[in-house]
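One structure below.
Derivation of every value follows stated rules applied to the coordinates shown; laboratory data play no part. No experiment lies behind these values; they were computed from the predicted model shown. Cβ coordinates were reconstructed from backbone atoms using ideal geometry, including for glycine residues, and neighbour counts include every protein chain displayed.
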Amino acid sequence: MKIGFIGLGNMGSAMARNLINAGHDLIVYNRTKSRAEELQRLGAKLADTPAAATAGVEALITMLADDRAVEAVTFEPGLTIESLPAGAAHISMSTISVALSRRLQKAHAEKHQTYVAAPVFGRPDAAAGAKLFIVAAGPTQQIEKCRSLFSAMGQKLFVVNEDAPAANLIKLSGNFLITTVIESLAEACALMRKSGVDPQKFLEVMTESLFAAPVYKNYGAMIAADKFEPVGFKMPLGFKDNRLVLAAAEEAAVPMPMASVVHDRFVAALAQGMENADWSAIAHIAYTSAGLSDGRKS
């Protein structure tokens, strides 16, 4: 397929590379041009503007940081919504608000284009290995038409329904669950350290009995060691997703007290200068709250 791809950060560049390797014809745009030039060497064509990356394509994929970035390439005069051909699809794989997804669905329908929300679960290493989990919602016929794209980027595709914002709500809620795992592991490991119990041994017991899921093993290892590298998902992005799930909950009149607790952890982490840390570093706040420093009693 002829694909436009906008957004070549750590996730997007790996996803675009996998599409090229699968034989798709890509034209790419990124605000930092050097990222696009790396893919040019693999056979991608470079576009000077978002609109140029969209003209004549069968589908446009956006993988951008937040609502503002998606709005900027979509709705500003002369950009993608104006140049995307009628009948073509905008596949938004970014983690964005339910409200923006709803707006995109309406705006593309008015232009006789289709809109598919397809956010992903997975860190950059999963993107590089085409091991993402992709959650898609939108017109069934369009999702099926683009299935080869999803197969090139991920290990499993979950199709929700034809209402595109549903996929975004699932993605935000999934990220909420991850942060509650991080918070609960942090609190438990702080208790272990303060009580003189090796948190690594605690983690071994938990992940080899009750909690064998990768999210417990992977984040648990970082939390038990109080080491949050390599950075796969920066703190401000995690904070953004937390705000978006709280906004969706407020709109639906659903109390989410745990999300509010996590919100305060993000605020504390950012206040302590952790904006370049992995989002799992909110766990360090539980240690400092318990009077622990670098894993030792203060």
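What FRET efficiency, computed as 1/(1 + (r/R0)^6) with R0 = 30 Å and r the Cβ-Cβ distance, is obtained for SER34 and MET1, rounded to the nearest 0.05? Please list the in-between numbers first.
Values: r = 26 Å, r/R0 = 0.86.
Efficiency for this residue pair is about 0.70.
Placing a pseudo-label 7 Å from each Cα along the Cα-to-Cβ vector at PHE158 and VAL254 gives an inter-label distance of 1.3 nm.
The charge dipole of the stretch 169-297, taken about its Cα centre with unit charges on the Cβ atoms of Lys, Arg (+1), Asp and Glu (-1) only, comes to about 180 debye. The calculated FRET efficiency for GLN200 paired with LEU237, based on their beta-carbon distance and R0 = 41 Å, is about 0.90.
The alpha carbon gyration tensor of the chain gives principal lengths a ≥ b ≥ c with a/c of 1.5 or higher and a/b greater than b/c, which makes the shape prolate.
When the Cα positions of LEU203, PHE5, ALA88 are compared along the charge dipole of the chain, LEU203 comes out farthest toward the positive end, with charges on each C-beta of Lys, Arg, Asp and Glu. Remark: ASP163, ASP66 ranked as ASP163, ASP66, counting other beta-carbon atoms within 10 Å and listing the fewest first.
The residues packed around ALA164, meaning those with a beta-carbon under 12 Å from its beta-carbon, carry a net charge of +2 if Lys and Arg are +1 and Asp and Glu are -1. Near the amide H of ILE27, within less than 5 Å, lie the amide hydrogens of ILE3, GLY4, PHE5, LYS45, all on another chain or at least 5 residues away, with H placed in the peptide plane. Residues VAL245, VAL215, ranked from the fewest to the most other C-beta atoms within 10 Å, line up as VAL215, VAL245.
So for the stretch 2-163: antiparallel DSSP bridges make up what percent, rounded to the nearest 5?
Working: 3 of 27 bridges.
Looking only at bridges with both residues in the stretch 2-163, the antiparallel portion is about 10 percent.
Taken over the stretch 2-163, lysine pairs spaced eight or more positions apart, or on distinct chains, with alpha carbons under 26 Å apart number 16.
What is the gain in length, in nm to one decimal, between PHE133 and LYS45 on full extension, counting 0.36 nm per residue of separation less the C-alpha to C-alpha distance?
Details: separation 88, 0.36 × 88 = 31.68 nm, distance 2.70 nm.
Length gained between PHE133 and LYS45: 29.0 nm.
Net charge near LEU26, counting Lys/Arg +1 and Asp/Glu -1 over other residues with Cβ under 9 Å of its Cβ? Walk me through the numbers on the way to the answer.
Values: positive: LYS2, LYS45; negative: ASP25.
Counting the neighbours of LEU26, the net charge comes to +1.
Working ranking of peptides 148-154, 29-35, 206-212 by packing, defined as the average number of other Cβ atoms within 10 Å per residue, highest first, is 148-154, 29-35, 206-212. Taking only the alpha carbons of the stretch 2-163, we obtain Rg and Dmax values of 14.0, 38 Å in that order. Excluding same-chain neighbours fewer than eight residues apart, the aspartates and glutamates reachable from LYS171 by a Cα-Cα span under 15 Å are ASP66, ASP67, ASP163, ASP241.
May I ask you to sort CYS146, CYS189 by Cβ crowding, counting other Cβ atoms within 10 Å and putting the fewest first? Please report the intermediate quantities before stating the final value.
Working: CYS146 23, CYS189 27.
Ascending number of Cβ neighbours within 10 Å: CYS146, CYS189.
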